[in-house]
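Shown next, in structure tokens, is the structure this report addresses.
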Amino acid sequence: MEYYLLLLLLFITIVIVRVLFWLWEFVRTDLRYYLYKLRPFPKEYEAILLRYFPLYQKLPRFLQKRLQACILVFIKEKEFVGVKLKIDETKKVLVAANACLLTIGHDRCMYKNLYTIYLYPETIVKKQQTINGWIVSEQKEVLLGEAWQSGEVVLSWRDLVAGDINPSDGKNVGLHEFAHQLDMLDGEADGTPPLPLKMYRWWTKVMQKEFDKLQQLYKKHKKGFLDYYAITNAAEFFAVATEAFFEKPKKLQKEEPQLYQALKAYYKLDPASWD
Ligand SMILES: [Zn+2]
């Protein structure tokens with residue numbers, strides 16, 4: 001009898017802790033987001049969006065309002081660290097805009113596991129050393145950005161601006177890295193972000209089919225519907241497809257309607273209808 005009582009007590013404790021955690025999360029981010037939706041958006045922030053983030057102008061008004069609220073939450077919650085670069089409001093607003101565009105369909109600011117954004121002035125060169133017996137080799141890896149599971153995103157400011165200023169070339173390092181962060185919300189960068197249960201089977205089927213199709217095109221030296229970096233692995237496929245979904249939506253919808261539908265269902269957005 002005491003054994004059952006102990007189990008019941010444990011169960012009740014777990015439920016209480018879970019509810020408290022959920023309440024804390026709600027107050028910390030969701031409540032703040034809904035309150036910010038009622039507040040006027042600073043004029044100088046909107047000027048930054050109009051200058052550097054042309055996708056903003058394409059959004060319907062209600063999505064602009066959601067983007068504004070998410071930007072304010074993001075700036076309030078996240079730490080911005082400049083590496084040989086001064087952080088100012090322009091940088092914060094533009095980084096936040098990239099992150100938030102991906103979550104406005106959900107009417108939430110979804111980056112609860114993201115803490116710090118490291119901004120570099122330009123392309124990041126990483127030295128990698130491999131030791132093979134007596135030989136030590138140095139390789140240079142050139143990066144536009146990186147997303148870490150521990151809650152950090154690294155971005156090159158110059159490449160972020162270049163990606164945003166041209167909103168229709170299908171290349172956008174900001175959207176790419178924040179798509180990785182969303183993918184990792186369930187603990188794994190596997191190309192499948194957290195989804196409603198009923199969507200998993202369909203999502204996996206569509207993504208696998210599209211991945212295989214792109215891989216076949218690559219083998220035949222034909223032009224792919226996504227940048228071939230997408231076939232690196234499933235996580236990169238999702239991130240590269242996200243760039244195309246927001247920057248070349250009509251083309252993606254026409255050429256790969258199933259891939260477009262899957263992304264539309266996940267993001268709860270229909271960028272092909274924005275202009
Ligand atoms: Zn990537």
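The values are calculated or read from the model by the stated rules, or taken from the named source; none is laboratory data. The structure presented is a predicted model; accordingly, all values stated were derived computationally and were not measured. All Cβ positions, even for glycine, are placed from backbone atoms using ideal geometry, and neighbour counts span all protein chains on display. The protein model used for the area step is the full one, side chains on, heavy atoms only, and it has no ligands, DNA or RNA in it. Shrake-Rupley method; radii C 1.70, N 1.55, O 1.52, S 1.80 Å.
Observations on the structure shown:
- Modelled label positions at Arg18 and Glu77, each set 7 Å beyond Cα in the direction of Cβ, lie 2.1 nm from each other.
- Simple Cβ-charge dipole of region 190-275, Lys/Arg +1 and Asp/Glu -1, about Cα centre, in debye nearest 20: 400
- In this structure Asp159 has an accessible area near 40 Å², from a 1.4 Å probe over the protein heavy atoms.
- Taking all C-alpha pairs of the chain, those more than 26 Å from each other amount to 47 percent.
- Principal semi-axes of the equivalent ellipsoid, √(5λ) from the alpha carbon gyration tensor of region 213-262, are 17, 13, 9 Å from largest down.
- When the chain is treated as a GNM with alpha-carbon contacts under 10 Å, the residue of Ile135, Ile12, Ile117 showing the greatest mean-square fluctuation is Ile135.
- Max mean-square fluctuation residue, GNM over the chain, Cα-Cα springs under 10 Å, options Leu59, Leu23, Leu102: Leu23
- Taking Thr204, Thr13, Thr123 in turn, the Gaussian network model of the chain (Cα-Cα springs below 10 Å) assigns the largest fluctuation to Thr13.
- Percent of Cα-Cα distances greater than 14 Å, calculated over region 86-156: 70
- The label-point distance for Asp169 and Lys58, in a model that sets each label 7 Å from Cα toward Cβ, rounds to 1.5 nm.
- Summed over qualifying helices (DSSP H, 4 residues or more, each -39500 (n - 2.57)) and divided by its residue number, the chain shows a 222 nm mean residue ellipticity of -16500 deg cm²/dmol.
- Applying 1/(1 + (r/R0)^6) with r as the Cβ-Cβ distance of Lys198 and Arg39 and R0 = 25 angstrom yields a FRET efficiency of 0.10.
- Taken as Cα centroids, region 159-206 and region 31-105 sit 18 Å apart, rounded to the nearest whole angstrom.
- The mean of 1/r over all pairs of different alpha-carbon atoms in region 190-275, once inverted, gives a Kirkwood hydrodynamic radius of 13.0 Å.
- The chain - charge dipole about Cα centre, Lys and Arg +1 at Cβ, Asp and Glu -1, debye rounded to 20: 760
- Cross-link table Lys91/Lys254; Lys127/Lys264; Lys76/Lys268, entries beyond 28 Å C-alpha to C-alpha: Lys91/Lys254; Lys127/Lys264
- Percentage relative contact order, region 190-275, counting C-alpha pairs under 8 Å, at least six apart: 27
- Applying 1/(1 + (r/R0)^6) with R0 = 45 Å to the Cβ-Cβ distance of Ala47 and Tyr229 gives a FRET efficiency near 0.85.
- Excluding exposed DSSP-loop trypsin sites (Lys or Arg not before Pro) (at most 14 other C-beta within 10 Å), longest clean stretch of the chain: 113-219
- Here the label points at Lys219 and Phe11, each 7 Å from Cα along the C-beta direction, are separated by 5.2 nm in the simple model.
- The chain, relative contact order [Cα under 8 Å, separation at least 6], %: 15
- Annotation: region 56-190 has a Kirkwood hydrodynamic radius of 15.9 angstrom, from the mean reciprocal C-alpha pair distance.
- Tyr228 accessible area, 1.4 Å probe, all protein chains in place, Å² to nearest 10: 60
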